[in-house]
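Below you'll find the structure, written out as structure tokens, and then a few comments.
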DNA sequence: TATTGTTATACTCTATAACTATA
DNA sequence: TATAGTTATAGAGTATAACAATA
């Protein structure tokens, strides 16, 4: 970090929750972004990876369900699923009850990619954590529990 | 579900840094996902807001410095800066020593936008943080600094 | 008529390569 | 030659609107 002098020394800075929210949000976004860069040796995008991870975790779903979970519109999911189908990472079968719908399921190859990516991300983060002091790791461990509660609220 | 078991020497499977890595990774991803869902209504993109927030925080910088900080390529930053210039949120002046370079600085309007957008955009997280104890907020504040270092490594 | 999924089309963000102007 | 910034161009991801098939 270079020594860049702030133009306006904040005399009475925002304190408490509001100030922390900004800093924490940026840190979370940035750390997650860096973590996402660690993935299996594939050309899969975040969205594609997220989809097969969801299917590997929860089983087959319809495109609309997947789109809702991923918070994108159905046409966007169509595009993502087409790419995954071409890569052989998911399959597309008729819905047994409703012929308008289709069921998307992860393949063995897709599931393997998911597991490999998890392994790499854990490995990357483990290396970083190992370089910290025990006190710092303790801070992160406690922060983990707090973040979990916040995310579930 | 367990983390992907690596065939590597993981003699101490779920202790110390490795165990924390898995839990922290999940917590980070989940919290970030939840945070993105609460994205406030602003005309500025994530990248644009991040740039003026950086300039408001650390003072004028060259496009290349900003690009490096934001981890994008210079042409991408040119586009972002052009948009911010058109919006009157930043200024563009000659570098005093090197005429190849330019200095980008946030305007009063830009700084006001940063503060206002922070307030609205962080509302969700601020409410969650306000519900924590001071000790818990302190943990998150310290975790923020650690996460920043990790993300930059 | 309503719903599921897709296609058509456009916009945003990012990237690489090439160009200019300075050093 | 090397560096800073920009322009030209392309690719990926997302969105809305319109369409086909089915309920």
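Read the figures in this text as sums done on the coordinates, not as results from a lab. Given the structure is predicted, the values throughout are model-derived calculations rather than measurements. Please note: Cβ atoms are built from the backbone with ideal geometry, for glycine as well, and neighbour counts cover all protein chains shown.
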| request: Provide a whole-number value for the mean count of partner chain Cβ atoms within 10 Å of the Cβ atoms in peptide B:132-143. | output: 6
| task | Pop a pseudo-label 7 angstrom from the Cα along the beta-carbon direction at both residue B:119 and residue A:123 and give the gap in nm to one decimal. | result | 4.8 nm
| query | Tell me, what does the Kirkwood hydrodynamic radius of the stretch B:25-89 come to in angstroms if you use every pair of distinct C-alpha atoms? | reply | 13.1 Å
| query | Given Cα pairs under 8 Å that are at least 6 residues apart, what percent is the relative contact order of the stretch B:54-122? | reply | 34 percent
| note | Shortest first and in nm, the label-point separations between residue A:78 and its counterparts in the other identical copies (7 Å out along Cα→Cβ) come to 3.6
| field | Rh by Kirkwood over Cα pairs, then Stokes-Einstein D for chain A at 1.002 mPa s and 20 °C, µm²/s | value | 115 µm²/s
| query | Please state the relative contact order of chain A as a whole percent: Cα pairs under 8 Å, 6+ residues apart? | reply | 23 percent
| task | Highest first, please rank the peptides A:63-70, A:21-28 by the mean number of other Cβ atoms sitting within 10 Å of their residues. | result | A:21-28, A:63-70
| the protein assembly as shown - convex hull of the alpha-carbon atoms, volume per residue in Å³ | 169 Å³
| the stretch B:76-153, Cα convex hull volume normalised per residue, Å³ | 163 Å³
| query | Which distances, in nm and shortest first, link the residue B:97 label point to the same label point in every other copy, taking 7 Å along Cα→Cβ? | reply | 7.1
| note | In nm, the gap between the two label points placed 7 Å beyond Cα toward Cβ at residue B:95 and residue A:94 is 6.6 nm
| field | Centre separation in Å (Cα based) which lies between the stretch B:79-120 and the stretch A:16-53 | value | 26 Å
